[in-house]
Amino acid sequence: MTHRTRPHAVAASTFAALLVAPLFGQAAGAGGSSAATPGAQQPRTAPQGSPGPQRGGGFARPQNRTSEWPAPEADDWAQPTLIQWQRTWDDALAVSRETGKPIMVAVNMDGEPASEHYAGVLYRKPEVAALFEPYVSVMASVYRHNPRDYDENGQRIPCSRFGTVTCGEHIALEPTVYSMFLDETRVAPRHIGVELDGTEMYDIFYAFSVKAVLDGIEEGISEREDTELPNPEKDLDALVASRSSADRVYIEQRFKRGGKAERLKLLEISEKLGAGAPVELLRLALFGLDVETAAQARRILAQQSSEAAIDLILEALSVPLPADEREMLVGALDAMGDQFPRARVLASTLRGLEATGGEGTAARTRGLAQRLSATDPTTVVRERYELENRLEGAGRRAREAAAADPLARAEAELARAEATLRLAVEPANLDFSGPSAPDRRRASELRFRDALIAAESAEAAGLTGWRTAAVVGLASHYLGRTQAAHARVRVAYEGMVADAEAAASETAQGWIGMAVASMATDLAVEELYRAARRRETRDRIDADAIAAVDSGFDLLAAHPLGTDAQALKHHDFLAYMGARKRAFDVLVRGIERFPGSASLHERLRGRLLWSRGTGALVEFYAKRKAAPEADVLTYWYSGLAGLVAGEFQRRRARAADALTTYEGAIADFRTVIELDPKSKDASLHYVAIAKASQGHARMELGDLEESAALLTEAFDTFESAADVLDGLNTSAMTTSVDLRAKLADAGLERARAALQARIDALPAGLKGMPAFEIPPDTPAARNRDRDGRELPPEPGGGEETPDPEPEPGPQPAPAGGDAGSGGSGDPRA
């Protein structure tokens with residue numbers, strides 16, 4: 001196979017992305033860089049300073065924290081979680097009222113040593129599960145461990161870390177419990193007892209030991225009045241209606257194992273519940289192999305009214321259906337619109353995207369897009385000197401035009417306006433950094449004013465049309481005149497798509513045409529959302545409006561100066577609106593045009609993981625590498641995909657599989673270096689992370705000496721990546737803490753000493769704690785004793801006494817609010 005290299009910057013015009021916000025009247029936004037393109041390096045977590053003094057001294061950990069919270073091994077992760085978590089907060093409240101039991105809120109975080117021990121060891125021990133039995137338990141964690149929550153047959157995929165719940169459920173619970181109980185302090189592990197009336201029994205975090213936490217959980221029950229209610233036998237109807245996760249699991253298993261008669265019986269009971277039917281049971285029926293049960297499930301689903309039902313309807317609509325059943329489900333979304341505005345948006349969009357043909361704006365836009373797609377991008381990019389020559393020539397023609405020929409003068413004024421506007425948006429003219437920024441900002445404002453005056457002069461002379469409206473609208477936008485800008489851009493866009501000769505004009509083919517289409521499409525999207533949120537204006541959202549937005553994005557995809565940011569907006573619009581198949585096609589089309597787009601590849605990773613899992617992700621990039629046109633970018637993004645797939649395999653306790661996947665990613669980055677030596681540092685950065693991740697996997701498998709060798713390789717490969725956290729919040733440095741303790745316990749002193757010597761040779765700045773190990777300075781985080789409980793107020797309630805200095809030693813880990821701190825690609829899209 002032959003490979004070719006190409007420049008990393010693939011957009012035809014760097015200033016195309018500058019159409020974001022007016023430059024005058026409000027501050028311009030700051031851009032950011034990404035590590036997902038060759039030559040850019042992933043920023044590492046900077047070492048943090050020590051926290052301020054605390055009253056209780058409870059922040060201090062044991063000097064050898066691995067003795068109190070030993071890292072789980074593969075055999076530990078292989079054991080099932082024994083705690084029955086409830087699926088939602090509303091479920092937990094219902095079960096608490098039904099049983100008289102208080103609620104236990106558990107908060108957990110990936111990568112934090114104590115959280116790892118609770119998740120991988122303690123929650124899987126029978127004696128610990130027995131302590132949770134008197135409670136109704138919920139788990140809150142912002143990290144995703146399985147790529148998806150359901151398989152192709154509608155069956156739940158329990159979280160590999162916590163069991164019982166899906167990842168989507170424990171992620172959704174975190175902001176709920178945060179708003180009610182966490183006191184603006186995201187820390188983990190954390191255990192909160194909640195009484196039946198919603199008051200807190202206790203709140204334990206920053207505990208010095210496991211025993212202190214478990215004793216607190218046990219004491220919380222032993223010291224309260226027993227409110228537990230009798231547990232009567234439930235008949236089948238009560239079991240189907242139950243909110244208890246244990247009862248839900250029983251009914252779902254009964255449905256999967258039962259024959260057709262049993263399944264229909266369970267669905268009949270569900271139908272009697274009306275809007276309270278168990279959505280998960282309907283999911284199993286919808287995606288099973290029996291046509292009759294699926295049809296009955298769709299009828300019941302159309303009666304539901306909940307956020308969960310909205311999502312399930314979208315999934316049901318993603319497969320071919322009879323027209324009457326499809327309309328029934330879309331109608332159900334429409335009916336839920338008064339309660340859930342998103343449902344109305346989805347219904348309108350699904351109907352709009354199905355509309356084809358006609359003579360409306362959408363049809364005209366598709367025609368312009370088809371004609372523009374044949375334009376070569378290189379022919380429409382104007383160099384600065386050419387723009388300046390055009391500006392000078394247009395000004396001369398305007399001055400020379402005779403008073404008797406006002407139309408010729410107007411044409412020259414319009415040409416001057418277009419050239420002035422194009423110069424004004426050149427990146428060099430919009431660079432306001434440095435000491436002379438005020439002067440350059442003023443000069444830029446004057447350029448936009450000149451363009452506006454020239455365009456208005458052309459209009460006054462009788463030259464009206466979409467081109468003058470475009471210049472007036474865009475110049476007004478950059479001058480902060482929002483209302484005028486929006487009105488004129490809409491006029492310009494309508495005129496451009498209606499003009500049969502527009503595709504042949506330099507204005508439409510160039511930046512002005514692209515900017516008009518981009519802004520007009522964005523405005524149409526915003527207008528659709530606003531209309532959908534207004535309950536009294538449901539009928540104002542028609543099919544052509546939705547189709548026009550979709551066609552507008554298609555025009556930008558075909559425009560010679562279209563950008564990857566526009567492709568990303570198109571995908572996100574369609575995905576949110578429920579047109580997932582079309583959204584995926586748009587994503588792939590975007591990557592074909594912009595193969596270096598980090599954002600598009602990130603969305604793609606998330607979509608593939610969510611819909612088909614890690615195998616599909618690796619396979620997708622393997623096919624791209626096998627193509628004749630495979631180049632450095634192909635291998636770069638294949639390597640990133642391998643890192644992400646390996647992380648999910650580790651999350652699912654498939655350490656052996658992760659080792660192989662990481663090896664493939666390492667090979668990809670090595671190929672990148674061969675094809676593009678300039679990317680050596682960026683590639684070695686990720687090679688080092690992959691080596692460290694392999695070292696962690698080897699440690700879990702018990703291959704301690706091999707783990708030490710891999711960590712040493714990681715340090716030697718790219719030293720500055722030593723403290724960079726991967727998507728599981730682990731790094732070579734954090735892994736080495738646990739590994740050195742395990743090596744010492746196993747009597748492998750030689751390997752431990754060699755690893756220690758290599759760590760000692762690292763720069764001091766790479767040996768600091770991860771940022772999430774720094775306690776936040778919040779009231780809830782202060783004044784904790786060694787058992788992790790809040791200290792009583794100071795006697796007398798007078799002035800606060802100075803806090804003592806904290807004890808030395810590693811610090812605890814507040815739970816990060818961001819899910820996944822490296823390369824995990826969120827199916828969070």
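Can you return the lysines within cross-link range of Lys211? Criterion is Cα-Cα under 27 Å, with same-chain partners fewer than 8 residues away left out.
Lys101, Lys125, Lys742
Considering only protein heavy atoms and a probe of 1.4 Å, how much of the accessible area of segment 140-194 is carbon and sulfur, as a whole percent?
That fraction is 48 percent.
Assuming a ≥ b ≥ c are the square roots of the Cα gyration tensor eigenvalues, decide whether segment 401-538 counts as rounded (a/c under 1.5), prolate (otherwise, with a/b larger than b/c) or oblate.
It comes out oblate by the Cα gyration axes.
Return the carbon/sulfur percentage of the accessible area of segment 472-599, one whole number, probe 1.4 Å, all protein chains in place.
Summing carbon and sulfur atoms, their accessible area is 51 percent of the total for segment 472-599.
Which order do peptides 458-466, 515-523 fall in by mean Cβ count within 10 Å, highest first?
Ranked by mean Cβ neighbours within 10 Å, highest first: 515-523, 458-466.
Taking θ as phi - 60°, what are the ³J(HN,Hα) couplings along segment 453-460 by the Karplus curve (6.51, -1.76, 1.60), each to the nearest whole Hz, with x for Gly and Pro?
With coefficients 6.51, -1.76 and 1.60, one gets 5, 5, 5, 5, 5, 5, 5, 5 Hz.
When the solvent-accessible surface of protein heavy atoms is calculated with a 1.4 angstrom probe, in what order do Lys742, Lys581 fall, highest first?
Lys581, Lys742
For segment 163-238, what does the alpha-carbon gyration tensor say about shape, rounded, prolate or oblate, given a ≥ b ≥ c as the root eigenvalues, a/c under 1.5 as rounded, and a/b over b/c as prolate? Let's see the in-between values first.
Numbers: a/c = 1.89, a/b = 1.24, b/c = 1.52.
It is oblate, given that a/c is not under 1.5 and a/b is not larger than b/c.
Once both labels are modelled 7 Å past Cα along the beta-carbon direction, what's the Leu273-Ser305 spacing in nm?
Here the answer is 1.7 nm between the modelled labels.
Compute the distance in nm between two label points, each set 7 Å from the Cα along the Cα-to-Cβ direction, one at Asp290 and one at Ile453.
Roughly 7.9 nm, to one decimal.
Could you give the nm distance between label points at Glu445 and Asp376, where each point is 7 Å from its Cα heading toward the beta carbon?
Label-label distance for Glu445 and Asp376, simple model: 4.2 nm.
Taking only the alpha-carbon positions of segment 682-756 and ignoring solvent, what does the Debye formula give for the base-10 log of I(q)/I(0) at q = 0.14, 0.16, 0.19, 0.26 Å⁻¹?
For the requested q values the scattering log ratios are -0.36, -0.47, -0.65, -1.14.
Which shape class applies to segment 620-703: rounded if a/c is under 1.5, otherwise prolate when a/b exceeds b/c and oblate if not, where a ≥ b ≥ c are the square roots of the Cα gyration tensor eigenvalues?
The shape class here is oblate.
Rolling a 1.4 angstrom probe over the protein chains, ignoring ligands and nucleic acids, what is the accessible area of Val618 in square angstrom, nearest 10?
70 Å²
Provide, in order from the shortest bin, the percent of all Cα-Cα pairs of segment 546-658 in each 5 Å bin, continuing until the bin that contains the maximum pair distance.
Once binned at 5 Å, the Cα pair distances of segment 546-658 give 2, 11, 21, 21, 17, 14, 8, 3, 2, 0.
Keeping all protein chains in place, calculate the accessible area per residue for segment 168-308 (probe 1.4 angstrom), answer in Å².
I get 47 Å² per residue for segment 168-308.
Under a 1.4 Å probe, what is the accessible area of segment 645-720 per residue, stated in Å²?
Value for segment 645-720: 35 Å² per residue.
Stretch Val737-Ala757 to full length: gain in nm at 0.36 nm per residue minus the Cα-Cα span?
Length gained, Val737 through Ala757: 5.9 nm.
Heavy atoms only, 1.4 Å probe, whole protein assembly: order Phe340, Phe648 by accessible area, highest first.
My answer, sorted largest first, is Phe340, Phe648.
Going Cα to Cα from Lys625, which aspartates and glutamates come in below 14 Å? Please leave out same-chain ones fewer than 8 positions away.
Glu592, Asp668
Straight distance only, please: which lysines reach the Cα of Lys623 with their own Cα at less than 23 Å, same-chain residues fewer than 8 apart left out?
Lys581
If packing is taken as the mean number of other Cβ atoms within 10 Å per residue, what is the order of 678-689, 302-313, 148-159, highest first?
Numbers: 678-689: 22.7, 302-313: 18.8, 148-159: 17.3.
So the peptides 678-689, 302-313, 148-159, ranked by packing, come out 678-689, 302-313, 148-159.
The values are calculated or read from the model by the stated rules, or taken from the named source; none is laboratory data. Since the model is a prediction, treat every value here as computed from it, not as a measurement. Heads up, the Cβs are rebuilt from the backbone with ideal geometry, glycines too, and the neighbour counts pull from every protein chain shown. SASA here: full protein model, heavy atoms, side chains in, ligands and nucleic acids out. Shrake-Rupley method; radii C 1.70, N 1.55, O 1.52, S 1.80 Å.
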